[in-house]
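Notes for the one structure printed next.
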Amino acid sequence: MKIAVIGTGYVGLVTGTCFAHTGNIVTCVDIDASKVAQLNRGEVPIYEPGLEEIFTLNTKQKRLFFSTDLAASIARAEVIFLALPTPPQEDGSADLTHVLGVARHIGPLLKNYTVIVNKSTVPVGTAEQVRAAISEGATVPFDVVSNPEFLREGFAVQDFFSPDRIVIGTSSLKARAILQKLYAPYAEQPHRIIFMDERSAEMTKYVANTFLALKISFMNEVANLSELVGTDIESIKKGVGSDVRIGSHFLNAGIGYGGSCFPKDVLAFLHTANAHNYQFSILNSIITVNTAQKKRLVHKITDYFGHNLTGKKFALWGLAFKANTDDIREAPSLDIVRELTRLGGEVVAYDPEASHNFKKHLQHDSLTFVDGPYEALQNADALLLLTEWEQFHNPDFAAIRERMNAPVIFDGRNILSPDTLQTEGFYYESIGRRPVLPIKPVVAPAAA
């Protein structure tokens, strides 16, 4: 099948590459000429496990192309995917400027019946707006479909090839048949393709992301209470997660959620509720809890060191909002670095993939970046764990101790074992667990 994907951001690039991998001819279109040139040189602009390998394979085998020419790219396309940004506006609503702008452009360019699929996360009723925008210039029949993406950063390729569900919103039997055929290679079990109306499909994406944000925020509140009453959030997580009605996913306590989806989707969903005069109280609570949780670790640090951090050096392990991505959008690390430097602290940061993106968003005279985790520790007064990269789970504690001014660790992801840290002689604080004091070494009695 001939496919055009408009937008080469995270969703567009993964979508186009994965469709090409099952034999489709895919052209990805973007207005950014420098980005298209980069892609045509074989350079993948984002870090996503498994993506570069299939990107290279499919470009070499002439199934995946990149262009700035919208007209040529969609001329023979049977299906056009809109994978465009919908950033939050000041009132929290999704900005549909890019989506509707492209819709108006493609209308006059359509030569034959085409299915236009909205892959972007958009509010209820957007399919109708896209249909109206295309109709302004279209002279041939077309259908507009809502097909929200459910790709987890760090697992996007895996999720695309083995989805737990594919949601398709359409009232057109013709469009339904085309997308059923297109998605058949990815749905081992046909019932995983779920058809519904366009509006319900649009809302499904917001409900899913908001509910996951709710689970995270609820567990963070439980973790904060656990610290006060002397319970262990990791034990509670296991007990609660074993309940099949709840499940074990998204129950990790930490320093709040970030990324490109949850923050903006919760805001957009709240805006939809407000626009219809519905008091969706729990959405406001999610936002309030997550905003406070991002600074939870800083409060622990100031309780330990005091509010004047001048002369204190902090080593940061992890900047990305989660492991296996270079995405730092709305990452808790941004809030933490801003607050530490505001209080006079010096920050030395390491992340396996995200440092280059972090530099674009935040620069400060007291912030430096290094190429290795142990390099960040030199003369540090405390180590902060902010991202759950696998390489941080079993570090060399002796090497950490010998480089730092004092053996102090603040773990924002509950990566390490309190018992191990106590034995290793560290002061250790995490989220939802009691602080750990080092076991004092036993001193042998002096010889008589």
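Things worth noting here:
- Cβ crowding within 10 Å, taken as a proxy for footprinting-reagent exposure, orders Asp335, Asp32, Asp243 from fewest neighbours to most as Asp243, Asp32, Asp335.
- Dipole magnitude of the stretch 296-429 about its Cα centre (Cβ charges: Lys, Arg +1; Asp, Glu -1), debye to nearest 20: 400 debye
- Summarising the label geometry, the points placed 7 Å from Cα in the beta-carbon direction at Asp419 and Glu90 lie 5.5 nm from one another.
- Read-out mean projected area of the Cα convex hull in nm², derived from the coordinates shown; its label in (1) 25.5; (2) 19.4; (3) 24.5: (1)
- Choice from Asn58, Asn274, Asn357 with maximal GNM fluctuation in the chain (Cα, 10 Å cutoff): Asn274
- For the pair the stretch 52-125 / the stretch 251-282, the C-alpha centres are spaced 26 Å from each other.
- Mean-square fluctuations from a GNM of the chain, with a 10 angstrom spring cutoff on Cα atoms, peak among Gly254, Gly432, Gly372 at Gly372.
- Exposure proxy order (Cβ contacts within 10 Å, fewest to most) of Ser120, Ser260: Ser260, Ser120
- Here is how the number arises for the chain: DSSP H runs of 4 or more residues each give -39500 (n - 2.57), the sum is divided by the residue count, and the result at 222 nm is -12000 deg cm²/dmol.
- The chain, dipole about Cα centre (Lys/Arg Cβ +1, Asp/Glu Cβ -1), debye to the nearest 20: 780 debye
- With a cut-off of 13 Å on the backbone N, no residue of the stretch 167-191 is near the modelled label site 7 Å out from Lys2 along Cα-Cβ.
- The amide H of Ile193, built 1.01 Å from its N in the peptide plane, has Ile166 as neighbours under 5 Å, considering only residues 5 or more places off or on other chains.
- With neighbour counts taken as other beta-carbon atoms within 10 Å, the residues Met404, Met219 rank, fewest first, as Met404, Met219.
- Kyte-Doolittle at least -1.0, axis length at least 30 Å by Cα - qualifying DSSP helices, the chain: 198-229
- Charge dipole (the stretch 173-238, unit charges on Cβ, about Cα centre) - positive-most of Thr231, Ile216, Ala175: Ala175
- Rh by Kirkwood over Cα pairs, then Stokes-Einstein D for the stretch 1-106 at 1.002 mPa s and 20 °C, µm²/s: 152 µm²/s
- Estimated inter-spin distance, Val44 and Ala273, nm [label 7 Å along Cα→Cβ]: 3.7 nm
- A Förster distance of 22 Å, applied to the separation of the beta-carbon atoms of His364 and His307, puts the FRET efficiency at 0.75.
- Candidates Thr387, Thr210, Thr310, ranked by Gaussian network fluctuation over the chain, Cα under 10 Å, top entry: Thr310
- Extended-chain gain in nm, criterion 0.36 nm per residue less alpha-carbon gap, Glu52 and Leu228: 58.7 nm
- Gap separating the Cα centres of the stretch 369-407 and the stretch 5-30, nearest whole Å: 39 Å
- Across the chain, the longest run free of exposed loop sites, meaning trypsin sites (Lys or Arg not before Pro) lying outside DSSP classes H, G, I, E and B with no more than 10 other Cβ atoms within 10 Å, spans 246-448.
- Set of aspartates and glutamates with alpha-carbon distance to Lys35 below 12 Å, sequence-local pairs under 8 removed: Glu43
- Bridgeable aspartates and glutamates around Lys181 (alpha carbons under 14 Å apart, same-chain partners fewer than 8 residues away excluded): Glu78.
- For the stretch 2-196, the equivalent ellipsoid derived from the Cα gyration tensor has semi-axes of 23, 20, 18 Å, listed largest first.
- Ser172 versus Asn379: modelled label distance in nm, points set 7 Å from Cα along the beta carbon direction: 6.6 nm
- Overall, the stretch 205-293 carries a charge dipole of about 280 debye about its Cα centre when +1 sits on the Cβ of Lys and Arg and -1 on the Cβ of Asp and Glu, all other atoms neutral.
- Estimated FRET transfer efficiency (Arg338, Ala75; beta-carbon r; R0 35 Å; 0.05): 0.15
- Every Cα-Cα pair of the stretch 296-429 was included, and the share exceeding 26 Å stands at 13 percent.
- Where a label projected 7 Å from the Cα of Ser67 along Cα→Cβ would reach, residues of the stretch 112-130 with amide N under 18 Å: 112-117
- Across Lys264/Lys313; Lys2/Lys174; Lys313/Lys359; Lys215/Lys237, pairs whose alpha-carbon gap is larger than 22 Å: Lys264/Lys313
Each reported figure results from applying straightforward, stated rules to the coordinates on display, with no laboratory input. These figures come from a predicted structure and were not determined experimentally. When we count neighbours, we look across all protein chains shown, and the Cβ atoms used for this are built from the backbone with ideal geometry, even at glycine.
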